[in-house]
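The values are calculated or read from the model by the stated rules, or taken from the named source; none is laboratory data. Note that the structure is a prediction, hence the values are computed from the model and not measured. Neighbour counts are summed over all protein chains in view; Cβ atoms, including those assigned to glycine, are modelled from backbone coordinates with ideal geometry.
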Amino acid sequence: MSLQSLRAMRINRQKPTNCVQIVVGERPKNYHDSEATVYVSPSENPRLMDFRPLVGLRFVLFQIGNCSALALATLDAAVAAGGRCVAASLPDGTHAAVKFDDPKDCNRLAFWVGQSREALCQ
């Protein structure tokens, strides 16, 4: 999914059923467009992208490859537009998630992020 298709979905008063996945960096071999995935390539400037379709949506940022500056710029732009980052996954497989009131929710999110990264990077 691109930001344009996410925008069209939001205009129709719909939203993805899960967290939006923002994949930043090298396109993974197993990358598949879905209703909840936005890809930011190394050649793009996130500061010039319109992330407003993320307003009020939760997202997980996946950094693929050595592109920390691109990932941070994307994170800043998405949050500034009104998105809510609930987790970030780094190239070495580590990930961080926001704290939830219920530790089970945090554990489920961490598991989902790990599984999603594994699927992306197979």
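Mind checking whether some residue in the stretch 40-61 is outside any loop (DSSP other than H, G, I, E, B), at pLDDT 90 or above and aromatic (F, W, Y)?
yes
Working carefully through the options A87, A78, find the one that is in a helix (DSSP H, G or I) and of a type in the set (G, A, S).
A78
Just need a number here: residues in the stretch 1-20 that are buried (at least 19 other Cβ atoms within 10 Å of the Cβ) and modelled with pLDDT of 90 or more.
Total meeting the criteria: 1.
Within the stretch 40-67, restricting attention to residues that are in contact with a Pro (Cβ under 9 Å, 6 or more places away or on another chain) and of a type in the set (S, T, N, Q), which residue is surrounded by the fewest Cβ atoms within 10 Å (Cβ to Cβ)?
Across the stretch 40-67, the extreme among qualifying residues is N66.
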